[in-house]
Amino acid sequence: MRRMASSTGALRRILTLGALTAFAPMSIDMYLPAFGALQRELHATPDAVQRTLVVFFAGLALGQVVWGPVSDRYGRKPPLLLGIGIYAVASVGCALSQSIDALLGWRGLQALGGCAGIVIARSMVRDTYPPVDAARVFSRLTLVLGAAPILAPLAGAALVQSAGWRVIFAALAAFGVACWLAALALPESLPPAARSQAVQRPLHRALHTYAELLRDRRFIGFALSGALGQAAMFAYIAGAPFVFMQVFGFAPQQFGVLFGLNAVGLIAASQLNHALLARLSSAVLLSRALRALALCAAVLLALALWPAAGWPGVALPLFFALSSLGFSFPNATALALAHQSGRVGSAAALTGSLQFALAAASGWLVSLSARPSAAPMAAVFCAFAVLALTAQRTLTPR
């Protein structure tokens, strides 16, 4: 009986941590089908609406740099609850925005709050599990995380058609409140004895820790290879609404279905990764996944430059490329955090900041071209995929 209760508690904890890591995809994917409505109602250009995505990426990158050291010093739960509260309030602000500039400001604050859930959830996994088990848990988190790209765009498309884009942000505020309540039940994973004691000069200590991490070749190799792979995915996220709805003429519901199918591939791959970890190491799986990502990205670019390929020529290689991230993301994250005792929060923060800083750059690069084609998205996707493989092969230990 006690064993069953323990198993149920572990499952509840993993589901909660998965929901916390889903702040980014929920906040991004749910409002993608509303881009057209935002342009019309706020009298904004397509570039201005796309900047609401880029500013969110930038907020995620900057915020994690702060939350990581704070959680190393004060424990995981207090900053986690504060961050989620900020996210919920900012989501209400997004819903009430009357201009694109106001929406940009609230989106930045929403990201700064929501990223606490992302970085602290990863830190809690590393606090609780040894490295090999952590890779398996990250695969399970990807299962929960992957549900967001399936459900969020479908829900967003339904909401924007039936009630308007503001209801999407009201739903995100409700999601934040639900996560805050669930986080209350999480046990504190960092005991006082394991916390950083940098009471004096905390900024100096945080900067020193980050400098040490940047000099750690093992850490930066795995963190950068994972982050560059994620940046490839965000080129897809930033460019897909324009490519499929405006270039290929998909309706919002059709786009939501396509987006969801890609998420199914990511989920299936992450669970296969969980099973394969019993026979293969995380480093081997990461290497193979990044090779597959680069190959599929090259095929994607070639077909995007061939007009006769149409939307299937873009959608099919995208599906396989995105599925490969179900292997690369959990393994790169686990390997980057594996040897970071005493600075797990900072290491998780720097990993996440790299991911979202590169994601912001990826989205910005996609937005530079107004060409009515899938080629700009495919070119940026391919560039980051090749860079991810290069970082893994040149920086990580053999």
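The values are calculated or read from the model by the stated rules, or taken from the named source; none is laboratory data. Note that the structure is a prediction, hence the values are computed from the model and not measured. Neighbour counts are summed over all protein chains in view; Cβ atoms, including those assigned to glycine, are modelled from backbone coordinates with ideal geometry.
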- Message: Can you pull out every residue in the range 214-246 that is charged (D, E, K, R), farther than 20 Å from Phe327 by Cβ and part of a helix (DSSP H, G or I)?
- Response: Arg215, Arg217
- Out of Ser71, Ser97, which single residue is in a loop (DSSP other than H, G, I, E, B) and either surrounded by fewer than 22 Cβ atoms within 10 Å (Cβ to Cβ) or among the polar types (S, T, N, Q) (or both)? Ser97
- Query: Pick from Val299, Val386, Val314, Val380: which is of a type in the set (Val, Ile, Thr), in contact with a Ser or Thr (Cβ under 7 Å, 6 or more places away or on another chain) and either at pLDDT 90 or above or not in a helix (DSSP H, G or I) (or both)?
  - Reply: Val380
- Is it fair to say Gly265 is at negative phi, surrounded by 22 or more Cβ atoms within 10 Å (Cβ to Cβ), in contact (Cβ under 8 Å) with a residue 40 or more places away in the chain and in a helix (DSSP H, G or I)? no
- Filtering the range 338-371 down to residues that are surrounded by fewer than 19 Cβ atoms within 10 Å (Cβ to Cβ) and in contact with a Pro (Cβ under 9 Å, 6 or more places away or on another chain) yields His339, Leu368, Ser369, Ala370
- Task: Residue by residue through the range 60-92, note down the ones that are modelled with pLDDT of 95 or more, touching a Leu at 6+ places or on another chain (Cβ under 7 Å) and of a type in the set (Gly, Ala, Ser).
- Result: Ala90, Ser91
